[in-house]
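First the structure, in the form of C-alpha cells, and then the observations on it.
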Amino acid sequence: MRRLNKKKALNFVKELDAFPKVPESYVETTASGGTVSVLAFTAMALLAFFEFFVYRDTWMKYEYEVDKDFTSKLRINIDITVAMRCQFVGADVLDLAETMVASDGLQYEPVVFELSPQQRLWHRTLLLIQNHLREEHSLQDVLFKNVMKGAPTALPPREDDPIHPLNACRIHGYLYVNKVAGNFHITVGKAIPHPRGHAHLAALVSHETYNFSHRIDHLSFGEEIPGILNPLDGTEKVSADHNQMFQYFITIVPTKLQTYKVSADTHQYSVTERERVINHAAGSHGVSGIFMKYDISSLMVKVTEQHMPLWQFLVRLCGIIGGIFSTTGMLHSLVGFCIDVICCRFKLGVYKPKSMSVFDGHVNSLTPLLSENAEH
C-alpha cells in the first residue's frame with residue numbers, strides 16, 4: 001500500500017510540474033543521430049578553419065581623387081643600356097615649358113650589351129612575369145601586398161668577366177623634373193644648352209655607328225619601392241636600321257600606397273610603343289634615338305590594404321555554427337520521417353494513442369484505441 005501511495009504521489013507531482021521537459025527521443029542515443037553529429041562537427045571544423053584563413057587574408061581598396069600636389073618635383077628612376085659607346089650618346093629631359101633639366105644624377109657606364117647566361121635567365125623570368133601581369137591584372141594586388149619582400153628588380157651583376165669589348169653604355173640614376181608633361185630622350189651626341197631649347201653634338205658621329213638597340217632594365221616614377229614591377233621593366237628592342245626611332249608614350253598616374261608593410265607616394269604608368277625607320281627621302285622625318293614622352297594624370301589613386309575586423313569574423317563564425325546545427329537537425333528529421341513512411345512504421349490516421357491514467361492503482365498505461373476511420 002505504501003508503494004502504491006508513493007507512486008501515486010510521484011505521478012501527481014509530475015503532472016503539477018509546469019517546466020517543459022525534453023522529450024525522451026531527444027536524449028535517446030541512436031546510430032543515425034551519432035552519424036549526423038559527427039558530420040555536423042566535421043563540417044563546422046572545416047568551415048571554421050577556412051574562415052580563419054579568410055580572416056587572415058587582406059585585400060586592396062582603390063580610391064580616386066584629384067591630385068592637388070602640383071608644386072613638388074617628380075623623380076624619374078632610369079636604368080637603360082644602349083648599344084652605343086658612352087661618348088656617342090647623351091640623355092636629358094625637356095619639359096613642356098621648354099625647360100632643360102640637368103642630368104647630373106645620371107651615370108654613364110661602359111658595359112657589354114650581350115647578357116651573361118645568368119643574366120639572360122633572369123631577363124627571361126622577368127619577361128614571363130610581365131606577360132602574366134598583362135593577362136592577370138589581379139596579380140598587381142599580390143605585388144602591392146608583398147612590397148619590400150620581393151626580389152630586387154634590378155639586373156644582377158655579371159658572374160663572369162666579359163670577353164667582348166665594351167660596346168654599350170649603361171645609363172642609370174635618377175632625375176628630378178617638374179610635374180608637367182615632358183620628353184626624356186637618348187640620342188646621338190651630348191646635350192648642350194641653347195637659347196631656343198637645347199641641341200645635341202651629333203655632327204662628329206658617323207651614321208654607321210648609330211645603333212639604338214636598347215634594353216630597359218628599370219624605369220619608374222616617384223619613390224622607388226623594391227618588389228614593384230613596372231610596365232617597361234625588361235623591355236628589349238633590337239634596331240634593324242642605323243637610323244631608327246623608338247617612341248614610348250607614357251601616362252603617369254600618381255599613386256599613394258598604404259599597406260601594413262610600407263607607406264609610400266609612388267607613381268604607376270601605362271605605355272604605348274612605336275618604332276619607325278628615319279628616311280627623309282620616303283617622308284619619314286625625325287631624329288634617331290629613344291624618346292619617352294610622358295604626361296601626368298590629374299587623378300590620384302589611393303591604394304589601401306584592408307583587413308576583416310574581428311567582430312565580423314566572430315559573427316560569420318557564429319553564423320556557420322548556428323546554420324549547420326539548424327540545417328543538420330532539419331535534414332535528420334526529414335530523413336527519419338521519410339524512412340518511417342517508406343517502412344510503414346508511421347501510418348497516418350490509423351492508430352491514435354490515448355493516455356489513460358488511473359490513480360486507483362489498477363491501470364496506468366497507453367492503450368491504443370481504434371480511431372473513427374478504423375471503425376468505419
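Here is how the numbers come out for the structure above:
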| read-out | value |
| --- | --- |
| At R0 = 25 Å, FRET efficiency that the Cβ-Cβ distance of residue 285 and residue 249 yields, to 0.05 | 0.85 |
| Full-stretch length increase - residue 167, residue 183 - with 0.36 nm per residue and alpha-carbon distance subtracted | 3.1 nm |
| Projected label distance in nm at residue 59 and residue 302, using a 7 Å step from Cα toward the beta-carbon | 1.9 |
| Note, ³J(HN,Hα) from phi for the range 217-231, Karplus 6.51, -1.76, 1.60, rounded to Hz, x at Gly and Pro | 6, 7, 8, 9, 10, x, 5, 7, 10, x, x, 9, 9, 10, x |
| Restraint check, 179/302; 261/293; 68/261; 237/261, Cα-Cα greater than 30 Å | 261/293; 237/261 |
| Cβ-defined net charge surrounding residue 77, 11 Å radius [Lys, Arg +1; Asp, Glu -1] | -4 |
| Net charge of neighbours whose Cβ lies under 9 Å from the Cβ of residue 213, counting Lys and Arg as +1 and Asp and Glu as -1 | +1 |
| Residue 52 accessible area, assembled protein chains, probe 1.4 Å, Å² | 90 |
| Using θ = phi - 60° and Karplus 6.51 cos²θ - 1.76 cosθ + 1.60, couplings along the range 304-313 (whole Hz; Gly, Pro as x) | 10, 7, 10, 9, 5, x, 5, 5, 5, 4 |
| Average accessible surface area per residue within the range 68-297, 1.4 Å rolling probe, Å² | 52 |
| Inter-probe distance in nm under a simple model that places probes 7 Å from Cα toward Cβ, at residue 45 and residue 335 | 1.9 |
| Overall form of the range 68-297 per C-alpha gyration tensor (a/c, 1.5; a/b vs b/c) | oblate |
| Computed E for residue 264/residue 209 - FRET, C-beta separation, R0 51 angstrom, nearest 0.05 | 0.80 |
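The values are calculated or read from the model by the stated rules, or taken from the named source; none is laboratory data. Note that the structure is predicted; figures quoted are calculated from it, not measured. Glycine gets a Cβ as well: all are built from the backbone with ideal geometry, and neighbour counts include every protein chain shown. The accessibility values were calculated without ligands, DNA or RNA, using every heavy atom of the protein model including side chains. Shrake-Rupley method; radii C 1.70, N 1.55, O 1.52, S 1.80 Å.
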